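Take a look at the structure set out below.
The values are calculated or read from the model by the stated rules, or taken from the named source; none is laboratory data. The structure presented is a predicted model; accordingly, all values stated were derived computationally and were not measured. Counting neighbours? That spans all protein chains shown, and the Cβs are built from the backbone with ideal geometry, glycine included. To get the accessible areas, we keep the full protein, side chains included, count just its heavy atoms, and leave off ligands, DNA and RNA. Shrake-Rupley method; radii C 1.70, N 1.55, O 1.52, S 1.80 Å.
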Amino acid sequence: MDLVADVDDDFVAQHGFERGRMILGSRAAALAVTAELPAVRQVAGGSAANTAVGVAALGGTAAFLGRCANDALGQGFRDSLEAAGVAHPVDFGPPDPPTGRSIILVTPDHERSMMTFPGAAASLATHHLDPAHVTGGAIVFIEGYLFYADDTARAAAAAAGWAAAHGCTVALSLSDPNCVEHNREPMLDLVRSRTDLLFANEEEITALYRTRDFGEAAAAAAADVQTAFLTRGSAGAVIMHRDRMDAVPAAAVPGGIEDLTGAGDLFAAGAVFGLRRGLAPSDAARVGAACAAEVISHHGARPEADLQKFVADAGLL
Ligand SMILES: Nc1ncnc2c1ncn2[C@@H]1O[C@H](COP(=O)(O)OP(=O)(O)O)[C@@H](O)[C@H]1O
Ligand SMILES: [Mg+2]
């Protein structure tokens, strides 16, 4: 669950947050920051969950495999998935550890900086997953945040293995630059061994390949995966596929940008949905850019407009 607050740049620095990135926080640290926040909005979030909701909103079928505690936040989170038409076959965990939460600070430039206390989310283990739930999907979408905890990293590897053995497409989102810096070796291993579709922003992909040069990182990604969707904020995205490199611009944001939370997640939703509809990767990326534009036009990381209509009005799909 996301706890979102509008703050100034000083608040971000004073509380040890890192601009545009996610840091992990203990339960105590998360509670301490929460107590100092001005008005807080509690909204459902979670990177891969946002992507699943986006796919469902586009008319696709999606299930979310992740764990929350049996507490008020967990109930609210699962209710949000149900309302969005996303299945959630993994059972609730016990009330402790509590449902994970991410404190999201939105600064006047609309950038988001996060502190996450993963709680129950970090307890997802391989035995919570039914292989049929994984192999029943055409695309298994794994968020890189899973690499922060041993149980979740093993669950991600298991899911990727089942998916690959069944001929499902494996998609991986690198999630966050700090996440890549802390878990680089195992993430690179999954990229090289089993990933078909890679999603990363510029900071993440350059962290993965340890270079400051975006072009160099993009070329390395192209050598490792079938298709790499590399996003660059307002500069749009670069798609590496076979020996092609296509640039796709960011879409216009109706009414202006409000909150950048969820941009990458909804870009991924549009891109995977577009691919499933048979679009070429660069056209799928245009659907992704349109979905990202919708989610950054308002607060929160879940779509609010009718995404199917929004994408159709943009002349896509
Ligand atoms: N400032 C912006 N203006 C317009 N579009 C944006 C902006 N920031 C993000 N987007 C859209 O969202 C996509 C993903 O954003 P990006 O910031 O690269 O990823 P992340 O959310 O993972 O940091 C971009 O490719 C673009 O389509
Ligand atoms: Mg960004």
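A few notes on this one:
- Distance between the stretch 171-229 and the stretch 138-162 - C-alpha centres, whole angstrom: 15 Å
- Whole-Hz couplings from phi, Karplus 6.51/-1.76/1.60, listed for the stretch 143-148; x for Gly and Pro: 8, x, 3, 4, 6, 6
- When the helices of the chain are scored as -39500 (n - 2.57) per DSSP H run of n ≥ 4 and the total is divided over every residue, the value at 222 nm lands at -12500 deg cm²/dmol.
- When the chain is treated as a GNM with alpha-carbon contacts under 10 Å, the residue of L58, L24, L260 showing the greatest mean-square fluctuation is L24.
- Rolling a 1.4 Å probe over the heavy atoms of the protein chains gives the chain an accessible area of 42 Å² per residue.
- Shape metrics for the stretch 175-317, restricted to C-alpha atoms - Rg then Dmax, Å: 14.7, 42
- For the stretch 240-317 versus the stretch 1-27, the gap between their alpha-carbon centres in whole angstrom: 26 Å
- Ordering of 309-315, 231-237 by packing is 231-237, 309-315, highest average first (other Cβ atoms within 10 Å, averaged per residue).
- Cα convex hull, the stretch 55-147: 128 Å³ per residue, rounded to a whole number.
- Positive contributions from Lys and Arg (+1) and negative ones from Asp and Glu (-1), summed over other residues with Cβ under 12 Å from the Cβ of A157, come out at -1.
- Whole-Hz couplings from phi, Karplus 6.51/-1.76/1.60, listed for the stretch 100-106; x for Gly and Pro: x, 9, 10, 8, 10, 9, 10
- Computed over protein heavy atoms with a 1.4 Å probe, the carbon and sulfur contribution to the accessible area of the stretch 24-168 reaches 57%.
- Residues in the stretch 249-265 carry Karplus couplings, in order, of x, 5, 8, 5, 9, x, x, x, 7, 10, 7, 7, 4, x, 4, x, 5 Hz; the curve used is 6.51 cos²θ - 1.76 cosθ + 1.60 with θ = phi - 60°, and Gly or Pro positions show x.
- Taking a ≥ b ≥ c as the square roots of the eigenvalues of the Cα gyration tensor, the stretch 1-120 is classed as oblate, since a/c reaches at least 1.5 and a/b does not exceed b/c.
- Most mobile of G215, G300, G66 in a GNM of the chain (Cα contacts under 10 Å): G215
- With the biggest extent put first, the Cα atoms of the stretch 106-211 measure 44, 31, 24 Å across the principal axes.
- Diffusion coefficient, µm² s⁻¹, Stokes-Einstein with Kirkwood Rh over alpha-carbon pairs of the chain at 37 °C and 0.692 mPa s: 170 µm²/s
- Comparing I104, I257, I142 in a Gaussian network model of the chain (Cα springs below 10 Å), the most mobile by mean-square fluctuation is I257.
- Overall form of the stretch 40-198 per C-alpha gyration tensor (a/c, 1.5; a/b vs b/c): rounded
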